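The values are calculated or read from the model by the stated rules, or taken from the named source; none is laboratory data. Note that the coordinates shown come from a computational prediction; the quantities given were computed from them, not determined experimentally. Backbone-built Cβ (ideal geometry, glycine too); neighbour counts: all protein chains shown. Accessible surface areas use protein heavy atoms only, side chains included; no ligands, DNA or RNA. Shrake-Rupley method; radii C 1.70, N 1.55, O 1.52, S 1.80 Å.
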Amino acid sequence: QSTPGPGFVVKFNPDATQILFSTYFPAPIQALALDAAGNLYVTGTTFSDSFPVTPGLPAGTVRLGSINATSAAFVTKISAAGDHILYSTRISGHQKNCGAGSSCYLSSRSTVGSAIAVDAAGNAYLAGNTDTYDLPTTTGALLGQGTGAFVAKVNAAGTGLVYLTYLGPGYSPLSPYTNPANTVTGIAADAAGNAYVTGSTFDDAFPATAGAYQTARAGGTDAFAAELNPLGSAVVWATYLGGKGTDAAHAIALDSAGNVWLSGTT
């Protein structure tokens, strides 16, 4: 894309003495990941109804305007040469859990891609946040209806979703906002296709598992970490991490031994 932004991608050679390619992109980019072949996976949010969507993937509707403005999270795979899109999708919702008053029902609907990862087989993993409860979740997903944090997996061919699931049901409906209780900020994936997510929560119904390091919330918002199975149908384990104050995790990574690393604020 030669016309200006609002996003861009630049690839440098190893010592940054040369730009290998540079391109604008039709939406702001929040996060990126790379596969072994050098293909690029990006996510963020868009209000553009012309943002590209390829066959087999959700084509969520978007809307600009002062009433019911609706954004979509996107996942786009770009070729290693940076010259074309290999696949692309928009994911959006439209219905909100509102408190009293009409201002919530007329307010914007937000779905945002926050983090992205890719596994060794080329499956892409999206972690995002929404204030809507009707994202196009998949049959057999962990949680078909909720609000706030969600996770989606795109198959390696880019022809469909393996799964799309919410992480928790909690929210605080203070008009005009839904105020979801769960926010996801990071995602990683292992070679077996499990997804690892992190963020913050004040949801007492978050699916923490028995035997986890911390199975009860300590107050305020707590950081969380969770592992989802390859089909997104179950939590392998999930835990809170926090004290009486405000705690949040911002990034997650795996090492070669399979240990899970978190960083955040407290």
What residue, of 170, 144, 193, is free of Cβ contacts under 8 Å to residues at least 40 places away in the same chain and in contact with an Asp or Glu (Cβ under 8 Å, 6 or more places away or on another chain)?
170
Checking 175, 200 in turn, the sole residue that is hydroxyl-bearing (Ser, Thr, Tyr), in contact (Cβ under 8 Å) with a residue 40 or more places away in the chain and surrounded by fewer than 23 Cβ atoms within 10 Å (Cβ to Cβ) turns out to be 175
Pairs, please: C-beta under 6 Å, at least 6 apart or cross-chain, first residue under 28 Å from residue 159 (Cα atoms) and in the range 58-69, second in a loop (DSSP other than H, G, I, E, B) and among the aliphatic types (A, V, I, L, M)?
59/53; 63/69
Selection from the range 214-237 of residues at pLDDT 95 or above, over 18 Å from residue 129 (Cα atoms) and not β-branched (Val, Ile, Thr) yields 229, 230, 231, 233, 234, 237
Scan of the range 119-137 for residues that are surrounded by fewer than 19 Cβ atoms within 10 Å (Cβ to Cβ) and out of contact with any Asp or Glu (no Cβ under 8 Å at 6 or more places or on another chain), ordered by number:
120, 121, 134, 136
If I ask for residues that are in a loop (DSSP other than H, G, I, E, B) and surrounded by 13 or more Cβ atoms within 10 Å (Cβ to Cβ), which ones from the range 3-27 would you list?
6, 26, 27
May I ask you to verify whether residue 189 is small (Gly, Ala, Ser), open to solvent by 10 Å² or more (accessible area, probe 1.4 Å) and at pLDDT 95 or above?
yes
Residue by residue through the range 100-118, note down the ones that are out of contact with any Asp or Glu (no Cβ under 7 Å at 6 or more places or on another chain) and open to solvent by less than 50 Å² (accessible area, probe 1.4 Å).
101, 104, 107, 111, 112, 113, 114, 115, 116, 117
Positions within the range 37-69 being in a strand (DSSP E or B), more than 17 Å from residue 164 (Cβ to Cβ) and open to solvent by 30 Å² or more (accessible area, probe 1.4 Å), in sequence order:
63
Which is of a type in the set (A, V, I, L, M), open to solvent by less than 40 Å² (accessible area, probe 1.4 Å), free of Cβ contacts under 8 Å to residues at least 40 places away in the same chain and closer than 28 Å to residue 107 by Cα, of 208, 181, 212?
181
